[in-house]
Amino acid sequence: MAEISVPTLILFIASIVIAAGVAGVLIDTVSGISNAVDDRGGDVSRSIKTDAEIISDPEAGVYDDVNDTLTLYVKNTGVRTLPVDSATVDLFVDGRYQTSLTLSVVSGSEWTPNAVVRIDATGVSLSPGDHRVKLVVDTDEETFDFRTS
């Protein structure tokens, strides 16, 4: 009878050790996934709260060909205050990234929800015809089509 008990006891102890190892790995994996979901949830929440709309009139002449300046008015239609900083805004004109941007709040000092910011891009040389602007504010992307003469 003792011969059956010892191998059974060894198998039982081995299965307990293996189960504990598997449980440890699973706990670590689930913890990592949970942290990743929490981080991604924060990013998505911030993205949902950020929204901007280009409210410039394409027929009103947004491009000044004498000074090579493009002027856009952008309204914060999100629920959070955005920084008035060119690092927050990426502007592409006909696929070319614009680096010389000046942002100023039209009324007030902060880009709060429903506030409008004027964006002046200098050094923009455009030929007559149709053009497209892509504006990225934090994570929100907008496009704007206009024509120059």
Any idea which of V22, V44, V37 is out of contact with any Phe, Trp or Tyr (no Cβ under 7 Å at 6 or more places or on another chain) and modelled with pLDDT of 80 or more?
V22
Subset of the range 75-105, residues within 14 Å of S125 (Cα to Cα) and of a type in the set (S, T, Y), comes to Y97, T99, S100
Just need a number here: residues in the range 53-74 that are of a type in the set (D, E, K, R) and either surrounded by 13 or more Cβ atoms within 10 Å (Cβ to Cβ) or within 13 Å of A121 (Cβ to Cβ) (or both).
4
Meets criteria (farther than 14 Å from D90 by Cβ and assigned by TED's automatic domain parsing to the domain that holds T69) for T102:
yes
Which listed residue is among the hydroxyl-bearing types (S, T, Y) and under 14 Å from L70 (Cβ atoms), from S109, S125
S125
Yes or no: S107 assigned by TED's automatic domain parsing to the domain that holds D140, over 24 Å from the mean Cα position of the chain (by Cα) and without any contact (Cβ under 8 Å) to a residue 24 or more places away in the chain?
yes
What strands (runs of 3 or more DSSP E), lying completely within the range 54-149, carry at least 2 residues that are among the β-branched types (V, I, T) and touching a strand residue (DSSP E or B) at 6+ places or on another chain (Cβ under 6 Å)?
69-76, 89-93, 101-105, 116-122, 129-137, 140-148
Select from the range 50-63 the residues that are of a type in the set (D, E) and either modelled with pLDDT of 90 or more or closer than 17 Å to V116 by Cα (or both) and list them in ascending order.
D51, E53, D57
Residue check, V30 against (1) surrounded by fewer than 10 Cβ atoms within 10 Å (Cβ to Cβ); (2) outside the structural domain of K134 (by TED's automatic domain parsing), all met but one. Which one?
(1)
Residue check for S104: at pLDDT 90 or above and not basic (K, R)
yes
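The values are calculated or read from the model by the stated rules, or taken from the named source; none is laboratory data. Computed from a predicted model, the values in this text were never measured in an experiment. Please note: Cβ atoms are built from the backbone with ideal geometry, for glycine as well, and neighbour counts cover all protein chains shown.
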